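Written out below as structure tokens is the structure these notes cover.
The values are calculated or read from the model by the stated rules, or taken from the named source; none is laboratory data. Values in this document were obtained by computation on a predicted structure and should not be read as measured data. Please note: Cβ atoms are built from the backbone with ideal geometry, for glycine as well, and neighbour counts cover all protein chains shown. Accessible surface is based on the protein model in full, side chains and every heavy atom, while ligands, DNA and RNA are left aside. Shrake-Rupley method; radii C 1.70, N 1.55, O 1.52, S 1.80 Å.
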Amino acid sequence: MKIIVLAKHAPDPQSEVGIASDGKSLSLGTAVFDINDWDRYAVEEAIRIKEKIGGEVLVVGVGKNCDDTLRKCLAMGADRAIKIPFDGGIDAYQIAEVIAEAIKNEKFDMIFAGLMSQDVNNALVGVLLAGMLNLPFATAVTAIDIKDKTVRIKREIEGGYQEESELPMPCLLTIQSGINEPRYVSVMGIKKAKTKEMKEVKLEPKSKKVEVVKMYLPPVKKAEMITGDPDQVASKVIAILKERGLVG
Amino acid sequence: MKVFAIAEHRFGELNPLSIELLNLANKLGESNAVVIGKDVSKFAEELAKFAEKVWKIEDASLENYTPDLYVDVLLQLINREKPDVVLVGNTAQGVEFAPYLAVKLGYPIVTDVVAVNTANGFVVSRYVMQGKIMVDLKVSTPCVLTIRQGAFKEGAQKSGKVLDAGIKPSKPSARKFIGYVQPEVGEVDISKAEIIVAVGRGIEDAANIPLAEELAQALGGVVAGSRPVIDSGWLPKDRQVGISGKIVKPKLYLALGISGAFQHVMGMKDSELIIAVNKDPEAPIFGVAHYGIVGNIFDVVPTLLDKLKAKK
Ligand SMILES: Cc1cc2nc3c(=O)[nH]c(=O)nc-3n(C[C@H](O)[C@H](O)[C@H](O)COP(=O)(O)OP(=O)(O)OC[C@H]3O[C@@H](n4cnc5c(N)ncnc54)[C@H](O)[C@@H]3O)c2cc1C
Ligand SMILES: Nc1ncnc2c1ncn2[C@@H]1O[C@H](COP(=O)(O)O)[C@@H](O)[C@H]1O
């Protein structure tokens, strides 16, 4: 079984992020970067399948500075990595296009992507790639069961329901968080993984599908803020609850 | 501008987001609804109240949604009718097939759109960074957009005509639909609770869950969580609030260390009283909360607990 996994080196939206002075891009100076949360689950799932039935896991990352994430995937147990040193931004077509080109000579049974990236939140690259490669696909996958050349999956829909389907291989799946418990990798483990192959493939996309006009802070209806030291805050909260009959 | 809105239905019910797509379609130009399934007359009649035209695509093989058959029939209709904009709901179903459709059409696609402005070219707005930042994107038409629920609630009434598109799938689906799996049921039904103490990733560790439980107990409520808390196994799945968990409307929703991502907010925004504690003053949760506290939950909660206990 050969599985290709897409893994993005992405900033944590909960770290300090802002808008750059051009008003069209993110300012990520002090942001914390790591493997995109959804991709962590995708890599783990691929490695578990390999550990169970054998095969190879190839990770692909797009970005000039994605080495740390690719090395982390190798340390988790992936066999080799392809790095495409292109900074794509928000245009998912461009990312999917360079990935399609980079893997065109790879034979594979499945491609896993994360459901979405934690920074741009497009939820696009996986399915766009499936379209470009004419692959059967499923998104938001929460369970995978392989039988010969077919794969039985569960995918998440609204309200806690799941949908069960069967796909032929090769196919592409986008993985939803919570499908497994990703393993922890130590700094030592990451260092050791340095001996594994990481190939750089220089590619530029041909198309441009969307253009950023501007970025700005969303207009928010602000809550009434309760201020003071913890003691004052707690007293005010209790007063609010009392007023509504929520505490005696 | 000719606009197509692809309706969605499941378990015999039309998704109300389908009407919101038509609200936007009517704002942009000529509204066309498209409804796909085995027998969709009932849905077509409903959609006709908000659309100028409703296209029905019916076939026994379309009884249950599969992305490849949806794309197959939509390609046939779109290539024939040539709409300028194709609107799809940003749902588990819509955001699955829409990108594939866009690739096959060669159209640009933007997901999770909350606003469309045509004053200066075709410009759409969406959030990035889990709700913290907004971006306006210029897109060429024809294009495909997936639309966030709740963004286009108002719109015009119409009395359109229902047309049979006369389209059938050209091949069987590669992806075989097997069935639906019911949500798990646990011991506590958070959707019935009057007081909820909800914890997010800010609770940091399973070892801190008892702190939230103690607070819930002191208030006579139950503990619930955001998705990462459930994914990490700190709380069971039936305690998840949000689009892929439960919708709750308690008298009090206390959000501790929850950023306020849309998928979470959709599950709790109608709570009677929302109080949020978050150390980030820019957290989107303060956009839905009635009261906000910028602070550390590990300072705020123990103090609150002490005071609640002292009262007893
Ligand atoms: C298809 C799909 C379905 C989804 N369904 C759901 C769903 O049903 N429910 C759901 O919740 N999410 C869902 N999500 C995930 C959602 O997008 C967010 O990732 C998730 O809600 C974030 O959870 P969080 O707020 O707990 O974590 P984060 O976004 O990481 O936020 C943590 C917050 O805690 C604050 N914080 C950290 N430490 C402290 C402290 N000591 N004191 C105070 N504040 C602190 C931080 O400032 C931050 O704002 C879904 C996503 C997708 C794509
Ligand atoms: N720059 C990238 N490098 C590698 N994989 C990516 C990249 N961008 C997106 N992906 C993959 O596509 C998924 C969806 O991303 P997005 O469409 O950006 O939300 C991610 O979870 C990754 O698996």
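Scan the stretch B:126-163 for residues that are within 9 Å of chain A (Cβ to nearest Cβ) and either at pLDDT 95 or above or not in a loop (DSSP other than H, G, I, E, B) (or both) and the total you get is 16.
Number of residues in the stretch A:119-168 that are within 7 Å of another protein chain (Cβ to nearest Cβ) and not in a strand (DSSP E or B): the value is 17.
Can you tell me which residue is farthest from ligand 2 (Cβ to nearest atom) among those in the stretch A:173-195 that are surrounded by fewer than 17 Cβ atoms within 10 Å (Cβ to Cβ) and in a loop (DSSP other than H, G, I, E, B)? It comes out as A:SER186.
Just so you know, in the stretch B:206-249 the residues that are surrounded by fewer than 21 Cβ atoms within 10 Å (Cβ to Cβ) and of a type in the set (Gly, Ala, Ser) include one that is nearest to ligand 1 (Cβ to nearest atom), and it is B:SER232. Does the stretch A:201-243 hold any residues that are within 7 Å of chain B (Cβ to nearest Cβ), surrounded by 12 or more Cβ atoms within 10 Å (Cβ to Cβ) and in a loop (DSSP other than H, G, I, E, B), and which are they? Correct list: A:LYS209, A:PRO218, A:VAL220, A:ALA223, A:ILE226. Against the criterion of being surrounded by 21 or more Cβ atoms within 10 Å (Cβ to Cβ), in contact with a Gly (Cβ under 7 Å, 6 or more places away or on another chain) and farther than 30 Å from A:TYR216 by Cβ, B:TYR100 qualifies. Based on this model, can you work out whether B:LYS161 counts as over 29 Å from B:MET266 (Cβ atoms), touching a residue at least 60 places away in the same chain (Cβ under 8 Å) and open to solvent by 60 Å² or more (accessible area, probe 1.4 Å)? Yes; evaluated as a whole, the condition is true for this residue. Of all the listed residues (B:VAL73, B:VAL34), the sole one being under 18 Å from B:PHE177 (Cα atoms), open to solvent by less than 10 Å² (accessible area, probe 1.4 Å) and of a type outside the set (Lys, Arg) is B:VAL73.
Only one of the listed residues (B:GLU81, B:GLU52, B:GLU46) is without any contact (Cβ under 8 Å) to a residue 40 or more places away in the chain and farther than 29 Å from A:PRO168 by Cβ. That residue is B:GLU46. Which one is farthest from A:ALA234 (Cα to Cα), of the residues in the stretch B:185-242 that are among the charged types (D, E, K, R) and within 16 Å of ligand 2 (Cβ to nearest atom)? Ranking the candidates gives B:ASP231 first. The number of residues in the stretch B:253-312 that are within 16 Å of ligand 2 (Cβ to nearest atom) and among the aliphatic types (A, V, I, L, M) comes to 1. Counting only strands (runs of 3 or more DSSP E) that sit completely within the stretch A:1-118, those holding 3 or more residues that are at pLDDT 95 or above and within 14 Å of another protein chain (Cβ to nearest Cβ) correspond to A:110-114.
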